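Notes follow once the structure below has been shown.
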Amino acid sequence: MAESMDFISGELICIDKPLGWTSFDAVKRVRGAIQRRLHVKKFKVGHAGTLDPLATGVLLICTGRATRKIDELQSGDKEYVATIRLGATTPSFDLETEVDATYPWEHISREDVERVLPSFTGRIMQVPPVFSAVKVEGKRAYNLARKGKEVELKAKPLEIKEMELLSFDAPEMVVRIVCSKGTYIRALARDLGIALGSGAHLTSLKRTRVGKIRIEDCLSVDDAVKKISETELSFPES
């Protein structure tokens, strides 16, 4: 028998968000499955910690009363595996926008990267990307940037707990990062390129952990929808 789920009291559904989906796309799909299962037209569902469409990995979706725990959940440390390409920059610091400048990268060795990475750990100040959801005078920065308007963002404090070079095949590297809430890995890629005397941008990103929840604990969206449709329902005691 399928396990029982109480969507009203609240469930935490751990999703491996697919490439190209917004976090809202995943929430919408899960909410729709719950609405069909409960035969209701509206139901409260939210997510803890937004992932960009070009990122994949751990997305925590909360239902019913569990949405009260969203702030607590998204305040936990996050772990990412990032692929960063040296020698070129983009306005968004990732593949959302086209390359706008190229730089030499041939002088950079694995030893150079390993020497620079520790300078990014600890408490640092980071300027968010202009292509981000940070608000500027009440408007999202990415909306202003996409209209070609000048956007000036202030540096924000955050903490990088670990940075580990997993592989280096110039001009590309793969780095594991453990960081606090509010860290933009795209901005880390930008700053890493500058520190190495080149340019850099993010080419792929996977969130592998949020708090204690790891990617191995997550379901695909399709498997989550299947589980919701097959689960035995339980309801809070009145």
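Out of the residues in segment 194-238 meeting the condition of being in contact (Cβ under 8 Å) with a residue 24 or more places away in the chain and polar (S, T, N, Q), tell me which one is surrounded by the most Cβ atoms within 10 Å (Cβ to Cβ).
Ser198
Tally up the residues in segment 84-95 that are under 28 Å from Glu216 (Cβ atoms) and either crowded, with 17+ Cβ neighbours inside 10 Å or in contact with a Lys or Arg (Cβ under 6 Å, 6 or more places away or on another chain) (or both), please.
Here the count works out to 3.
So, in segment 1-26, of the ones that are among the aliphatic types (A, V, I, L, M) and in contact with a Cys (Cβ under 9 Å, 6 or more places away or on another chain), which residue ends up surrounded by the fewest Cβ atoms within 10 Å (Cβ to Cβ)?
My answer is Leu12.
Taking helices (runs of 4 or more DSSP H) that fall entirely within segment 19-121, which contain at least 1 residues that are of a type in the set (S, T, N, Q)?
On the way: elements: 23-38, 70-74, 110-116.
Because the criterion is at least 1 residues that are of a type in the set (S, T, N, Q), the helices (runs of 4 or more DSSP H) in segment 19-121 that meet it are 23-38, 70-74.
Just to verify a result, which residue in segment 27-63, among those that are buried (at least 19 other Cβ atoms within 10 Å of the Cβ) and within 19 Å of Thr203 (Cα to Cα), is modelled with the lowest pLDDT?
Asp52
The values are calculated or read from the model by the stated rules, or taken from the named source; none is laboratory data. Quick caveat: nothing in here was measured; it's all calculated off a predicted structure. With ideal geometry, Cβ positions are generated from the backbone for all residues, glycine too; neighbour counts draw on all protein chains shown.
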